[in-house]
Amino acid sequence: MTVSRSIRNKAQTMKGRITEELGRVTHDRRLQRRGRIDRVSGSLKQAVQKTKDTFRRNGSGPR
């Protein structure tokens with residue numbers, strides 16, 4: 001995983017956590033939902049990148 005993508009995905013996850021918590025504190029469901037979407041999206045992107053890297057490292061990926 002490239003460092004820039006890793007940082008970008010982690011930043012999106014953290015932004016989502018902050019937004020979700022802010023929505024919880026202000027009782028804004030829309031803000032909570034946006035935060036949850038960002039958090040899950042960032043985590044999913046990280047998982048996909050890790051999976052791609054694993055296949056590339058083992059040499060068993062598509063050619």
With N residues in the chain, what two-decimal value do you get for its Cα radius of gyration over 2.2 N^0.38 Å?
-> 1.42
Where Lys and Arg each count +1 and Asp and Glu each count -1, what net charge lies around Gly16 among other residues with Cβ under 11 Å from its Cβ?
-> +4
Cα→Cβ-extended label distance, 7 Å offset, between Ile37 and Ala11, nm | 2.0 nm
Mind checking the per residue accessible area of the chain for me, 1.4 Å probe, whole number of Å²?
-> 81 Å²
Roughly how many percent of the accessible protein surface of the chain is carbon and sulfur, given a 1.4 Å probe and a whole-percent answer?
-> 56 percent
Arranged from highest to lowest average of other beta-carbon atoms within 10 Å per residue, in what order do the peptides 29-35, 4-10 appear?
-> 29-35, 4-10
Around Asp28, what is the net charge, scoring Lys/Arg as +1 and Asp/Glu as -1 over all other residues with Cβ under 13 Å from its Cβ?
-> +4
Length gained if Thr2 through Arg29 is fully extended, taking 0.36 nm per residue and subtracting the Cα-Cα distance, is 6.3 nm
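The values are calculated or read from the model by the stated rules, or taken from the named source; none is laboratory data. All values derive from a computational prediction rather than experimental measurement. Positions of Cβ are backbone-derived with ideal geometry, glycine not excepted, and every protein chain shown enters the neighbour counts. Heavy atoms of the whole protein, side chains included, go into the accessibility calculation; ligands, DNA and RNA do not. Shrake-Rupley method; radii C 1.70, N 1.55, O 1.52, S 1.80 Å.
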